[in-house]
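Student: One structure is given below, represented as structure tokens, and several questions about it will come after.
A short reminder: the numbers here are calculations on the coordinates, not readings from a lab. This one's a predicted model, so the numbers in the text were calculated from it and none came from an experiment. Because the Cβ atoms are built from the backbone with ideal geometry, glycine has one as well, and the counts that use them run over all protein chains shown.
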Amino acid sequence: MADAVIVVVLLLVAATATAAVATRDPSRQALVLSLQGVVLAVLFTVLQAPDVALSQLAVGSALTPLLIMLSVRKVRRRARTTDEGGDG
Amino acid sequence: MTRRTALAATAELAAWWAAFGLLWLVLVSTVDALEVLVGASAAAVGAVAARAGRRAVTAR
Amino acid sequence: MNAWILAATILLGAGLTAALWGVASGPLSRRMVAQNLTTAVACPSLLLLAQGYHRPSYVDLALLLALLGPVGTLVFARLLADELAVATPAAWGLTWTAAGVSAAVVVAVCAATGPSRAMVKLLVTGVLLIGGNLVASRALQGGFRQVRGG
């Protein structure tokens with residue numbers, strides 16, 4: 001009966017990962033990945049691995065979405081300048 | 001840097017250092033001499049960073 | 001399986017499912033509010049799990065999430081500010097409900113811990129959690145725009 005929380009969190013991990021794959025736009029995907037990071041950290045906690053959960057929180061909640069958003073911004077900015085350079 | 005601003009800077013750094021040191025002592029599991037030493041060092045670094053952050057945000 | 005773990009299971013199941021539904025569908029404003037909701041749901045459940053597993057060290061996880069969760073929301077609010085300015089998310093009812101749930105969980109866990117340094121740590125975590133939730137909600141509504149220019 002104590003495994004119920006593990007089952008619930010595992011189902012949430014599966015659902016979140018499916019939603020992350022199904023999202024197309026990278027900036028929206030970053031939002032889903034932020035949620036997935038927190039859900040993974042909770043999974044590691046209920047599996048009695050708090051140190052792993054600590055590392056996962058540190059990386060997955062703020063750092064990974066920041067990296068993705070900055071990359072998207074940089075790529076879009078570069079695409080915009082090459083468009084302007086090509087036309088002009 | 002005039003004497004008044006130096007005094008104000010020192011007072012602000014001391015206030016940040018005291019606040020962070022107190023937070024450290026509250027959050028740590030056991031309090032012994034090594035923890036107090038590490039906490040004082042970490043609070044000093046944090047005080048410098050906090051003062052720099054506050055000055056950057058208020059644009060002074 | 002004691003009452004604490006059961007409460008954590010219910011909170012996680014209901015809260016994170018709602019957050020997932022909000023993040024994966026709908027306009028950007030709803031997605032941002034749902035992302036803000038995840039830390040407000042996951043942090044109290046981590047406190048409940050720490051109490052249920054009799055491991056006071058798990059409170060460190062809740063403390064870290066209370067600090068980093070609002071930072072994640074602020075990252076999105078800053079980098080998606082242009083798109084958010086068009087459709088401002090307004091979800092103060094949800095924010096206050098989340099703050100109420102957080103406060104109730106913190107009070108319950110503090111009562112179970114008893115007066116000690118551990119209880120002060122729980123109170124600090126609760127203050128950071130509720131304060132971070134309010135700051136992140138206000139940032140989503142564009143309340144801190146004037147700081148960006150300076």
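Student: Which angle from 0 to 90°, rounded to the nearest 10, does the C-alpha axis of helix B:33-58 make with the longest principal axis of chain B?
Tutor: 30
Student: Can I ask one more? When the helix-only estimate is applied to the protein assembly as shown (DSSP H runs of n ≥ 4, each -39,500 (n - 2.57), divided by the residue count), what is the mean residue ellipticity at 222 nm, nearest 500 deg cm²/dmol?
Tutor: Numbers: 13 runs with 249 residues, N = 298.
Rounded to the nearest 500, the figure is -28500 deg cm²/dmol.
Student: Output the 0 to 90 degree angle, nearest 10, between the alpha-carbon long axis of helix A:64-87 and the longest principal axis computed from the alpha carbons of chain A.
Tutor: With rounding to tens, the tilt is 10 degrees.
Student: Also: For chain C, return all DSSP H helices satisfying: extent of Cα atoms along own axis at least 15 Å; mean Kyte-Doolittle hydropathy at least 1.6. It would help to have the intermediate numbers written out before the result.
Tutor: Values: long enough: C:3-24 (31 Å, 1.84); C:28-52 (36 Å, 0.73); C:59-79 (30 Å, 1.91); C:92-113 (31 Å, 1.56); C:117-140 (34 Å, 1.35).
Length and hydropathy pass: C:3-24, C:59-79.
Student: Still on this structure, I have one more. In whole Hz, what ³J(HN,Hα) sequence does region B:10-15 give by Karplus (6.51, -1.76, 1.60; θ = phi - 60°), x for Gly and Pro?
Tutor: With coefficients 6.51, -1.76 and 1.60, one gets 5, 5, 5, 4, 5, 5 Hz.
Student: Rounded to a whole number of µm²/s, how large is the Stokes-Einstein D of region A:4-87 at 25 °C and 0.890 mPa s, given Rh as the Kirkwood radius over C-alpha pairs?
Tutor: Values: Rh = 14.2 Å.
Stokes-Einstein gives a translational diffusion coefficient of 172 µm²/s.
Student: While we're looking at this one, here's another question. Can you tell me the Rg and the Dmax, both Å, for the Cα atoms in chain B?
Tutor: Cα only, chain B: 13.4, 42 Å (Rg, Dmax).
Student: At 0.36 nm per residue, minus the direct Cα-Cα distance, what do C:L6 and C:M119 gain on full extension? Give it in nm, one decimal, please. It would help to have the intermediate numbers written out before the result.
Tutor: Working: separation 113, 0.36 × 113 = 40.68 nm, distance 2.20 nm.
Net length gain for the segment: 38.5 nm.
Student: Let me ask something else. Indicate the gyration tensor shape class of the protein assembly as shown (rounded, prolate or oblate), computed on the Cα atoms with a ≥ b ≥ c the square roots of the eigenvalues: a/c under 1.5 is rounded; otherwise a/b larger than b/c is prolate and the rest oblate. All intermediate terms of the calculation are to be shown ahead of the outcome.
Tutor: Working: a/c = 1.93, a/b = 1.05, b/c = 1.84.
Oblate, since a/c reaches 1.5 and b/c is not below a/b.
Student: Starting from the exponent 0.38 and prefactor 2.2 Å, build the expected Rg for chain C from its residue count and divide its actual Cα Rg by it.
Tutor: Values: Rg = 15.9 Å, N = 150, 2.2 N^0.38 = 14.8 Å.
This ratio for chain C stands at 1.08.
Student: While we're looking at this one, here's another question. As a footprinting exposure proxy, order A:I6, C:I5 by other Cβ within 10 Å, with the fewest listed first. If you can, show how the numbers build up before the last one.
Tutor: On the way: A:I6 14, C:I5 20.
Exposure proxy ranking, most exposed first: A:I6, C:I5.
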